[in-house]
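The block underneath contains the structure these notes are about, expressed in structure tokens.
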Amino acid sequence: MIPYYNPEKSEKKWRKVWEANKLYKTNLEDQKRPKYYNLVMFPYPSGDKLHIGHWYSYAPADSWGRYMRMKGFNVFQPIGFDSFGLPAENYAIKTGIHPAKTTKTNIAYMEKQLKAMGAGWDWDAEVVTNEPDYYKWTQWVFLQLYKNGLVYRKLSPVNWCPGCKTVLANEQAQDGLCERCDSEVTKKDLTQWFINIRSYAQKLLDYEGLDWPEKTRLMQENWIGRSEGSEIDFDIVGHDKKITVYTTRIDTLYGATYMVLAPEHELVEKITTIKNKKAVEDYMKKTRKATDIERSAEGREKTGVFTGAYVTNPLNGAQIPIWIADYVLVHYGTGAVMAVPAHDERDYAFAKKYKLPIKEVISPINYETKSNISKAAFCEDGKLINSGEFGGTDSAQARIDITRFLEKKGLAKLKVNYRLRDWLISRQRYWGAPIPIVYCPECGEVAVPEKDLPVKLPTDIEFQPKGDGKSPLNTSSSFVNTKCPKCKGPATRETDTMDTFVCSSWYFLRYPCSQLAKKPFEEKTLSHWLPVDMYIGGPEHACMHLLYARFIHKAMHDLGFVKAGEPFKRLVHQGMITKNGAKMSKSKGNVVSPDEFVKKYGSDVFRMYLMFMGPFTQGGDWNDKGITGIKRFVDKFWRVMTTEVEGERASSAIIHKTIKKVTEDIEAMHFNTAISSLMEMINAISDKVVSIDDKRMAVKLIAPLAPHLAEEIWAHLGGKKSVFEDSWPTYDPKQIVEDEITIAVQVNGKLRGTILVPNNSSKEKILAEVKSMENIQKHIAGGQIVKEIYVPGKIVNLVVKM
RNA sequence: GCCCGGGUGGUGGAAUGGUAGACACGCAGGACUUAAAAUCCUGUCUCAGCAAUGGGGUGAGGGUUCGAGUCCCUCCUCGGGCACCA
């Protein structure tokens, strides 16, 4: 009798063996086996350390990698740290401890945790984004974009917290409130760096060849927000200028009774009449002061003022007034809209309030959806009325006709618009990659030459915000004052740092090339290893990281650095783990640490429990109630595999059936049902004699899910090398054919019994036997069988008419 | 408001249109033990019944089908995303 399985001892032992044998170091040059790039979103080294959520996604990701490895792939499974960012800096502001120090401590602790997991990570490929040999290349990526016109600098309103007297990143201004002090965030104008992601809007809508969740794709598509419409020029009465509007409903042009400009629109000042000047200026001031919360408050009453100016409707020559109102957004379309109150809810509300005319030009085709313009706008397509020569036309056709008509006069054109806005990457923050730009009084804005990278983060910094909205980097004179790379004269550095999403939007390109000192990556290596074959991470990154990474990758592709057109071939989101229904977070104090469970039960039990909780993509609420079930299962598995019993032989059929089921389940990432079928298997063979070959296959099946346990048993069963150097078992189809099968018997769709028949029985034979069953006779008595349904191997249904 | 997902025993959950509740937790009873732990066995959707068996049952209501947790329509509800984008 073998002593009980001791996870503490075994797990330590096998991790040592793996490390000593470099089992998880990937030979990136190997061309014999097909490559498989298995990636998880790298963690942020937070003070919370690794929590259950990390385990919930990393453990199955590791199981997946191990499975692919046993299937014969050359698996590359790297890990690293996304280590720049706000929490470390906020912590420094509070405590004075340098972010480099906290980051280092957190990484050291988390590396220990990650290693205790026993996952097959190739630690030699590790990247840490705050290290100079990484951010050097982040700066390099920036320069490539800069050189190719994908980066620009522009005056822009940014989030400003009056409480902390500092600029905030969008992510810090959640719901319009400062994450640190809960003040309402306002706007402040600053010159900012932008990446022109908009120029890739159309390319980013192409998902061909990607195996991504539908949901994520839809979210991105929504975010990019492509819309097809027309741009129309309206002449301003008494000026030689015109105003261009964007509309998707050019068919309603006859119904345009006024025009609205965003208060920030550049023409507002020029067209406003003297009489209206004061009101307009007051309104603009008020708008600027309004916080995001106020401006976007639900059901907020629309406000605006008349400019005193008019435009001419190009279609019917009508003169219509120009208003300004903050319900029109300056950054979308042209910042100006033609208002058609009869057929747009917002315009309708505005027109009602300011007593502007409402002119009906679309009539419903369907009588049931009869419109009543005195009560509400009718916003659907219909037939044109009151529209001159276009009357009677359907909306869709009218859109084409009217655009063509005006196009001939040079007054309109078809236009595609996107909601996606350019990516603001400036951060007035310390703990990030410095933007490699120098300002020279002679030469102006100059890019730091690649050979001078990295632009190192200084350490002599004052973290406390001064309230001037400037980056803490300004407090380091040795950093700020430099020489111009061009004229060698005195110059100053850009003191903003980059959004950490820039760092994380290319890290997957660095992993396979992390050893390169003189280049960020090598085309040859990337051509082989990209795209990432499997990318696992949270769905909250759908419109941020996953969009940015696709964009940077595509840009790098267009610049000739990567062959693959997309970075992530297959994407899977793990579900979220909550605690009592709430998201785990330090501020709520409900973060559950995996450490105590790993210590008590071992990594294998803990990870299997997480996988057994439910479907991987579903997530769930954390509780440890059922973990003893997995512990019992592991002990039982160990006992059955390592103990010899006497008596009945176990049939190989159960092993083969389990191979089929587990393979299918893992393929579908249904780890929970893979585990339950292994439980069924072990329950079925627990008191029987099992052949050594069957045992070996069983161990291989559990290996991706419980790697340490599998190694221990594998060695016990005579395995000389690691079980992960062996191949995934295949089932013998002949073995899983049953001699006898159970068939359900229904009468009128109601179950009335089951019947055990030889597998090859004919329909006739089965039906005859069914009809002789006592309980069936009872239920068909007095009626007439009008239909007999037999689904082979499954069910018989007799339809009886009484 | 719009776009996605969900809603199944006491609990986590399972079910290519074909025996609803696999597997596991918990609970109850039993075996082993001086006792406990561990382990093993039995039961466990609900109602009636000793049982055989029968009635009901997958958020609510309709529909399609020989047959619906699964497909369709309407609604309720929970979660996520977007939200004045003209």
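Observations on the structure shown:
- The count of lysine pairs in the stretch A:714-802 that are at least 8 places apart or cross chains, and whose C-alpha atoms lie under 18 Å apart, stands at 16.
- Positive-pole candidate from A:143, A:246, A:223, dipole of chain A, charges at beta carbon: A:143
- A:135, A:601, ranked by accessible area, largest first (probe 1.4 Å): A:601, A:135
- Helix screen, chain A: DSSP H segments with Cα axial length of 24 Å or more and mean Kyte-Doolittle hydropathy at least -1.0 are A:52-70, A:99-117.
- When A:656, A:331, A:779 are compared by accessible area at a 1.4 angstrom probe, the order from most to least is A:331, A:779, A:656.
- Computed from point charges on the beta carbon alone (+1 for Lys and Arg, -1 for Asp and Glu), the dipole magnitude for the stretch A:141-291 about its Cα centre is near 780 Debye.
- At q = 0.10, 0.11 Å⁻¹, base-10 log of I(q)/I(0) for chain A (Debye sum, equal scatterers on each alpha carbon): -1.13, -1.23
- Using bins of 10 Å that start at zero, the share of Cα-Cα pairs per bin across the stretch A:741-787 amounts to 24, 60, 15, 1, in whole %.
- Cα centroid separation - the stretch A:368-416 against the stretch A:730-748, whole Å: 63 Å
- Separation between Cα centres of the stretch A:605-636 and the stretch A:125-176, rounded to whole Å: 40 Å
- Hull-based mean projected area of the stretch A:593-698, where the convex hull spans the alpha carbons, in square nanometres: 7.1 nm²
- The alpha carbons of the stretch A:323-429 stretch over 60, 37, 26 Å along the principal axes, in descending order.
- Ordering A:659-668, A:59-68 by mean Cβ neighbour count within 10 Å, with the highest value first, yields A:59-68, A:659-668.
- Contact order normalised by residue count of the stretch A:1-98, Cα under 8 Å, 6+ apart, percent: 34 percent
- Kirkwood analysis of the stretch A:183-287, using all unique Cα-Cα pairs, places the hydrodynamic radius at 18.4 Å.
- For chain A, with all protein chains in place and a probe radius of 1.4 Å, 51% of the accessible heavy-atom surface sits on carbon or sulfur.
- The dipole here belongs to the stretch A:744-796: it is taken about the Cα centre, uses +1 on the Cβ of Lys and Arg and -1 on the Cβ of Asp and Glu, and is about 140 debye.
- Unit charges on C-beta of K, R, D, E only; dipole of chain A, Debye: 680 debye
- Listed residue (A:411, A:390, A:584) projecting farthest to the positive dipole end of chain A, Cβ model: A:584
- Surface accessible to a 1.4 Å probe, residue A:524 within the full protein complex, Å²: 150 Å²
- Extent along principal axes [Cα atoms of the stretch A:372-485; Å; largest to smallest]: 73, 37, 22
- Given charges at Cβ of Lys, Arg, Asp, Glu: the stretch A:28-181 dipole, positive-most of A:167, A:130, A:31: A:31
- Over chain A: helical MRE at 222 nm, DSSP H runs n ≥ 4 each giving -39500 (n - 2.57), nearest 500: -10000 deg cm²/dmol
- Extension gain (nm, one decimal) between residue A:756 and residue A:4, 0.36 nm per residue minus Cα-Cα: 266.6 nm
- In the context of the full set of protein chains, chain A has a per residue accessible area of 47 Å² (1.4 Å probe).
- The mean sequence separation of alpha-carbon pairs under 8 Å and at least six residues apart, normalised by the residue count of chain A, gives a relative contact order of 14 percent.
- The stretch A:112-186 - Debye-derived log10 I(q)/I(0), Cα point model, q = 0.25 Å⁻¹: -0.99
- For the stretch A:324-440, averaging the sequence separation of C-alpha pairs within contact (under 8 Å, six or more residues apart) and dividing by the residue count gives a relative contact order of 16 percent.
- Averaging the Cα positions of each part gives two centres, and for the stretch A:43-101 and the stretch A:515-583 these lie 15 Å apart.
The values are calculated or read from the model by the stated rules, or taken from the named source; none is laboratory data. None of these values were measured; they are calculated from a predicted model. Note that each Cβ is placed from the backbone with ideal geometry, even for glycine, and that neighbours are counted across all protein chains shown. Areas reflect the complete protein model, heavy atoms only, side chains present, ligands, DNA and RNA absent. Shrake-Rupley method; radii C 1.70, N 1.55, O 1.52, S 1.80 Å.
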